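The values are calculated or read from the model by the stated rules, or taken from the named source; none is laboratory data. Every value quoted in this text rests on a predicted model; they were computed, and no experiment measured them. When we count neighbours, we look across all protein chains shown, and the Cβ atoms used for this are built from the backbone with ideal geometry, even at glycine. Note: areas computed on protein heavy atoms with side chains; ligands, DNA, RNA excluded. Shrake-Rupley method; radii C 1.70, N 1.55, O 1.52, S 1.80 Å.
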Amino acid sequence: MIDGKTVGRHFAGPSRELADGSTVTGKVAGRAPGASAKDIPLLKLKVDSQRGAGQLTGASSIQRINTRGGNAEGPCGQAGTYMSVPYSADYVFLRKGG
């Protein structure tokens, strides 16, 4: 979100799509523990596919940093139920120089 407006979304793949229509999908290239056991891991993704033209065009990797929360504390109450675990993180999109 920027200024309270959604600028993109994250979904399975793992993929990122911005409101301008540009989309990248990546594969995990590295992982490190978050600052505490409650924090989801830090990630480095190597971009392996792109679609559309926009701000994500030319991205070569994505880093998830500064994670807070996101790890469930204990199991779900019942099989097949939905569990939401809020988290925050910063995502950095990098391009190769040249």
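If the requirement is being farther than 21 Å from Ile2 by Cα, at pLDDT below 95 and out of contact with any Ser or Thr (no Cβ under 9 Å at 6 or more places or on another chain), which of these qualifies: Gly30, Gly98?
Among Gly30, Gly98, only Gly98 is farther than 21 Å from Ile2 by Cα, at pLDDT below 95 and out of contact with any Ser or Thr (no Cβ under 9 Å at 6 or more places or on another chain).
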Report summary line: Among strands (runs of 3 or more DSSP E) entirely inside the range 17-98, those with 1 or more residues being within 12 Å of the chain's Cα centre (by Cα) and loosely packed, with under 12 Cβ neighbours inside 10 Å are 23-32, 87-95
Report summary line: Considering residues that are over 16 Å from Ile62 (Cβ atoms) and in a loop (DSSP other than H, G, I, E, B), the number found within the range 1-16 is 4
Query raised in the report: Which residue pairs have Cβ atoms closer than 8 Å, lie 6 or more positions apart in sequence or on different chains, and pair a first residue in the range 1-28 that is touching a residue at least 40 places away in the same chain (Cβ under 8 Å) with a second residue that is open to solvent by less than 90 Å² (accessible area, probe 1.4 Å) and in a loop (DSSP other than H, G, I, E, B)?
Result: Arg16/Leu56; Val24/Leu56
Report task. Under 8 Å between Cβ atoms, at least 6 apart or on separate chains: pull out the pairs that start in the range 86-98 with a residue that is in contact (Cβ under 8 Å) with a residue 40 or more places away in the chain and end on any residue that is of a type in the set (Asp, Glu) and surrounded by 11 or more Cβ atoms within 10 Å (Cβ to Cβ). Result -> Tyr87/Asp39
